[in-house]
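Below you'll find the structure, written out as structure tokens, and then a few comments.
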Amino acid sequence: MFFRAAFTGISFSILLLNCAMAQLSFDDAIRIPEVAIYSTYRQFHSIGTNMVRIDTLKIKNFDGRNLADLLQSTGINIRTYGVGGLSTVALRGGNSSHTAIIWNGINLQSPMNGGVNLSQLPVSLFKNVTVQHGGIGTIYGSGAVSGMIVLESEKLFIQPNGFSVGLLYGDGNTRGASMGAKIGSSKMALSLKYTRNWADNNFEFINTYRYGNPRERITNAQAQFNGIMLDATLRHAHQLSWNISGWFSNNNKNLQTLMSSTQPSQSNQIDGNYALNSNLTHENSFFSVKIKNAWVKGDNRFNDPTSNISSLNHFNQLINEIELKKPLGKLFETIIGVGYTHDKATSDSYTQNAQRNRFLGFISVINHFINDKFTLAVSARDELIDASFIPAVFSTGAEFQVMNILKLKASAANSYRLPTMNDLYWANTTYATGNPNLNPEYGWNADIGFDIGFSTEELIFSISSTIFISEINNWIVWLPDANDFGRWKPNNFNRGQSKGLESFMKFNFGNSRFKVFTDLSYTYVDSKLFDLGDNSGKPMIYTPHHRIGGTLSIAYHGFSINYNHSFASERYTDEQNKLPYYNIGDAALAYRFPFAGCMGNASVGINNIWNEQYQLMRNYAMPLRNFFVRLNIEINSKSTKN
């Protein structure tokens, strides 16, 4: 309570100072930016953090593929359970529940298991993808411990009206179709996207679990996916806007046979995901307000006739937030907000229907000094969980523009993760049981780094590098309980610590006829998990020390050649065993051409061009070299932006 009172007093003092400074510059003109439709205001207060926005050209090249494929090509650590199987992201040595997946300002992490399956997120549904390395609990709360993946729909008023259609065919009898349409005026716009993929996924692989390492084909990996996204935006006088986004997906997936199994798998899983998001935004020169309401629903049905297991799981989330942004002169800005989230989950494996009520409050202040060369942000957040306060979290960040091409940056933040419904409410079974007495995980991280960048009419160059250290306490781990007949049970046993280096480079050059696009990323992570009383630590499983991702694209007269490369060093699967390093390269040749008043884009490509035998998760085969062909047709008229 002392820290809450102290921070409240400090924040109030800063507000008074801001008001005083504002009075000194009351007559200064204030520039009103274009209304930010999707993002939360406080997202723009992530000062001093390491944020990487994936190039739109690269996103376009991954049409027909999922978000896991895109992120892996950028050097991010992805954990995938076979072809089209569960895929999760792990930033900075954390696990899947430590990276928040944000869509149009709402956190998609499941309250049941804390994760998001990236294989069910088609790249074609999103316009912008941004990766924030390092957690800031004040921005998106629980789960934003190791970082965030921010997904945004296209801003409709700056997109042309038009229609697009795409077709895809590849090895493994992979077929895909997508359609998109956008219509609107300067006051109202509507966008609809649909994607469908279905595949046998019977790719070839080398079975290292069998004598002689024979070539075999993946079995029981058939999958069928359907996804729809709807965006509608209304605007009044450039100050008031209302956006409604809707998203539905259904994924029917057989779970592939393990490499070591002598019998083919018969398991099947059907996932349904639904989300509806409303953002009402009003902005003027005196204040801005954003009201966000969202409903998120997830259904999961698992069936394995071999072991006679069948389960049905559901969750619902209602999210309500209001943010108030107040600029005070040219140098200060304050954001204050409150919110309420209701989580509810049901499962055949739960002791009861699980519910949780979360009330939150946050404040963020950003200040500009020294002719706008130095920026400082301070923020705080607290939550009331079912009538009990959790410890407040704080963050601060600073950036200093030393010269036009050089910026120094630093940040420090707290973060936390609430126990999932599975952790708390899992019923007593022969093999496992939940623990209703778990405490939230808490962590902190600190970054220091620099950005260098310059551009001319024909050249863009940027390089960013950051050193980081982070720690997570009360880490929730499922382990056999010797005092409970060896049943698996979650407890706050461990402490995790990660330290390392992240570097990103971009180099683009060319003219109207010839262009070259390159990017390169390197990540070093030393991540360990400490048991109680253990000072030496154990390596974090499935976390490579070194990861490299790179892209080279060359475009000339409508033709383009694209190459993506991903490298990961050895990864521990337990305390003694490792998976070997791998190098994966994907290449594609594309041609963009006019066609009957439209624009067409045809491409042919090879995935895993070096025919690498690799596993992302132990015992789950990944495809050898395979091909694809893709065709996209676009019909565009004009932008609806005034």
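The values are calculated or read from the model by the stated rules, or taken from the named source; none is laboratory data. The structure displayed is predicted, hence computed values, not measured ones. Cβ sites come from the backbone with ideal geometry, for glycine too, and all protein chains shown count toward neighbours. All accessible areas refer to the heavy atoms of the entire protein, side chains included, with ligands and DNA or RNA removed. Shrake-Rupley method; radii C 1.70, N 1.55, O 1.52, S 1.80 Å.
Compare the Cα positions of ILE319, ASN308, VAL289 along the charge dipole of region 279-329 (+1 at Cβ of Lys, Arg; -1 at Cβ of Asp, Glu; about the Cα centre) and return the one farthest towards the positive end.
VAL289
Which trypsin sites (Lys or Arg not before Pro) from region 352-445 combine a DSSP loop assignment with at most 13 other Cβ atoms within 10 Å?
Those that pass, being in a loop and sparsely packed, are LYS373.
Run the numbers on region 99-223 and let me know its relative contact order in percent, using alpha-carbon pairs under 8 Å that are six or more apart.
18
Beyond a 22 Å Cα-Cα separation, which of these cross-linked pairs lie in this structure: LYS155/LYS193; LYS489/LYS538; LYS407/LYS515?
Pairs exceeding the cut-off: LYS407/LYS515.
If you take the charge dipole of the chain about its Cα centre, with +1 on Lys and Arg Cβ and -1 on Asp and Glu Cβ, which of PRO419, ASN273, PRO122 is farthest toward its positive end?
PRO122
Towards the positive end of the charge dipole of region 483-547, with charges on Cβ (+1 Lys, Arg; -1 Asp, Glu), say which of GLY537, SER498, PHE509 has the farthest Cα.
Ranked along the dipole, the leading option is PHE509.
Kindly rank 506-516, 262-272 from highest to lowest mean number of other beta carbons found within 10 Å of each residue.
The peptides rank, most packed first, as 262-272, 506-516.
Averaged per residue, what accessible surface does region 558-642 expose to a 1.4 Å probe, in Å²?
That works out to 52 Å² for each residue.
In region 161-246, which chymotrypsin sites (Phe, Trp or Tyr not before Pro) are in a loop and have at most 10 other Cβ atoms within 10 Å, using DSSP for the loop call?
Within region 161-246, the qualifying chymotrypsin sites (Phe, Trp or Tyr not before Pro) (loop, at most 10 other Cβ atoms within 10 Å) are TYR211.
So what is the calculated 222 nm ellipticity per residue for the chain, using -39500 (n - 2.57) for each DSSP H run with n of 4 or more, over all residues, to the nearest 500 deg cm²/dmol?
-2000 deg cm²/dmol
Separation of region 481-505 and region 110-176 by C-alpha centroid, Å?
27
Let me test this: with uniform point scatterers at the alpha carbons of region 233-355, what is the Debye-based log₁₀ I(q)/I(0) at q = 0.17 1/Å?
-0.95
Pop out the carbon and sulfur fraction of the accessible area of region 263-352 as a percent, whole number, probe 1.4 Å.
The computed percentage sits at 59.
Please identify the GluC sites (Glu not before Pro) of region 367-473 that satisfy two criteria: DSSP loop assignment and at most 10 other Cβ atoms within 10 Å. Which are they?
GLU457
In debye, nearest 20, what is the charge dipole magnitude of the chain about its Cα centre with +1 on Lys and Arg Cβ and -1 on Asp and Glu Cβ, if you could check?
1000
By per-residue mean of other Cβ atoms within 10 Å, what is the highest-first order of 445-453, 386-394?
Ranked by mean Cβ neighbours within 10 Å, highest first: 445-453, 386-394.
Determine ³J(HN,Hα), in whole Hz, for all residues of region 447-461 in sequence, where each value follows from phi through the Karplus function 6.51 cos²θ - 1.76 cosθ + 1.60 and θ = phi - 60°; x replaces Gly and Pro.
Computed from phi, the couplings for region 447-461 are 10, 8, x, 8, 10, 10, x, 7, 8, 10, 5, 10, 8, 10, 9 Hz.
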